[in-house]
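Have a look at the structure below, then the notes.
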Amino acid sequence: MLAFSLLFLSGCSPQKEGGPVDEQEEASGVRVTFFDVGKGDAILVETASHAVLIDSGYDDTKEIILDYMEKQEISSLDYLVITHFDKDHVGGADWILRRVETRSVLQPDYESDSAQYREYVEAAREREVPVISVTNTMELSLDGVDFLVYPPQKKSYEEEDNDFSLVIRMACGKKSFLFAADCERERLWELLEQEEFPLSHDVLKVPHHGRKEKNSLEFLEAVRPDVAVITSSKEKPADDEICRMLERLGTEVYFTENGTVTCLCDGKGLRVVQG
């Protein structure tokens, strides 16, 4: 696993910079890479000696993830988390499973009839990768970075895929990240009403690529992120109202349509790089 330095971080405010991440920087903490895979999710979390991939983008964007992992000499994943089974989240999963050693897969407890889902299931079976359907809150810790996986609380939703999204909270020291997948109205209410973890976070992966819901304002005001990442494309941009809400909260907003976004965190400070 490639190590990276976070010693240059200071204070608690995000630092906005352009250009590539310096590969010579070394030490402990967490690096979170939000890949530019169009209007889809593929997020790689790297700690000092472990890696977790949250979603896998589309079938035709898999090489973006695989090329990065090869360059960084990441040969294995501790977890592949499939938040739900839409093609922009599960599309590249079969390729990841066949080409990267994966110790375990976490998924929500439902099924899909899509071709991408069937390909993913077949690849997991073929590679004999354990698949865990998360039905209760699950906690993990890797190199002192803590994860909480919060599953859907209902067996059915008006929105049949997006509201089944697994939501991941990650804490590194005093800093916290919330990966809200494609949560829509019902699932956002669950997050607002749950008491298992505080909803305020430093970094937010904005739900559903920046699409506005009736309760989006309540949700964003509860999270109050310093940094928000919206996984969007120029063809399918975020809703203007979501951008305005985040602007009024004083949040630094990054769009993956402008390039891959990388967050480096040492538990005290946070640096954000795009490009």
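Read the figures in this text as sums done on the coordinates, not as results from a lab. As the structure is a computational prediction, the values presented were derived from the model and not from experiment. Neighbour counts run over all protein chains shown; Cβ positions are idealised from the backbone, glycine included.
Treating r as the C-beta distance of residue 129 and residue 195 and R0 as 30 Å, the FRET efficiency rounds to 0.35.
So which aspartates and glutamates can residue 154 reach, going by Cα to Cα under 18 Å and dropping same-chain residues fewer than 8 places off? Candidates past the 8-residue exclusion: 109, 111, 163, 182, 184, 186, 190, 193, 195, 196.
Its DSSP H runs of at least 4 residues, each contributing -39,500 (n - 2.57), put the calculated 222 nm mean residue ellipticity of the chain at -6000 deg cm²/dmol, to the nearest 500.
Does a label point 7 Å from the Cα of residue 103, set along Cα-to-beta-carbon, have any residues of the range 62-97 with amide nitrogen under 16 Å, and which are they? Only 74-81 pass the distance filter. Here the relative contact order of the range 110-206, from alpha carbon pairs under 8 Å that lie six or more residues apart, stands at 18 percent. In order along the range 180-187, the phi-based Karplus estimate (6.51 cos²θ - 1.76 cosθ + 1.60, θ = phi - 60°) of 3J(HN,Hα) comes to 9, 6, 10, 3, 10, 4, 5, 5 Hz; Gly and Pro are listed as x. Oblate is the label for the range 64-167, because the ratio a/c of its alpha-carbon gyration tensor axes (a ≥ b ≥ c) is 1.5 or higher and a/b is not greater than b/c.
What's the long-distance tail for the range 169-271, i.e. % of Cα pairs beyond 24 Å? Summing the P(r) of the range 169-271 above 24 Å gives 18 percent of all pairs.
About its Cα centre, the dipole of the range 144-275 is roughly 500 debye, where the only charges are +1 on Lys and Arg Cβ and -1 on Asp and Glu Cβ. Residue by residue, the range 250-257 carries 3J(HN,Hα) couplings of x, 7, 7, 10, 10, 10, 5, 4 Hz when phi is fed to the Karplus relation 6.51 cos²θ - 1.76 cosθ + 1.60 (θ = phi - 60°); x denotes Gly or Pro. Evaluated on the range 101-258, the Kirkwood hydrodynamic radius is 16.7 Å, with distances taken between all distinct Cα atoms. Computed from phi, the 3J(HN,Hα) profile of the range 120-133 under the Karplus parametrisation 6.51, -1.76, 1.60 (θ = phi - 60°) reads 5, 4, 5, 5, 5, 5, 4, 8, 6, 8, x, 10, 10, 7 Hz, with x in place of Gly and Pro.
Near the amide H of residue 134, within less than 5 Å, lie the amide hydrogens of 107, 109, all on another chain or at least 5 residues away, with H placed in the peptide plane. Taken along its three principal axes, the alpha carbon spread of the range 204-260 comes to 27, 22, 15 Å, from the longest extent down to the shortest.
Loop-located trypsin sites (Lys or Arg not before Pro) in the range 102-181 (DSSP state not H, G, I, E or B) with no more than 16 neighbouring Cβ atoms inside 10 Å: 103, 127, 154, 155, 174.
Find me the longest stretch of the chain that has none of the exposed GluC sites (Glu not before Pro), where exposed means in a DSSP loop (not H, G, I, E or B) with at most 14 other Cβ atoms within 10 Å.
Answer from the scan: 27-72.
The largest-to-smallest principal axis extents of the Cα set in the chain are 46, 43, 37 Å.
Inverting the pair-averaged 1/r between distinct Cα atoms of the range 127-166 gives 12.1 Å as its Kirkwood hydrodynamic radius.
For residue 62, the lysines whose Cα comes closer than 17 Å to its Cα, not counting residues fewer than 8 places off in the same chain, are 39, 71, 87. Counted over the range 65-115 with a bin width of 5 Å, the fraction of Cα pairs per bin, in whole percents, is 4, 18, 29, 25, 14, 7, 3.
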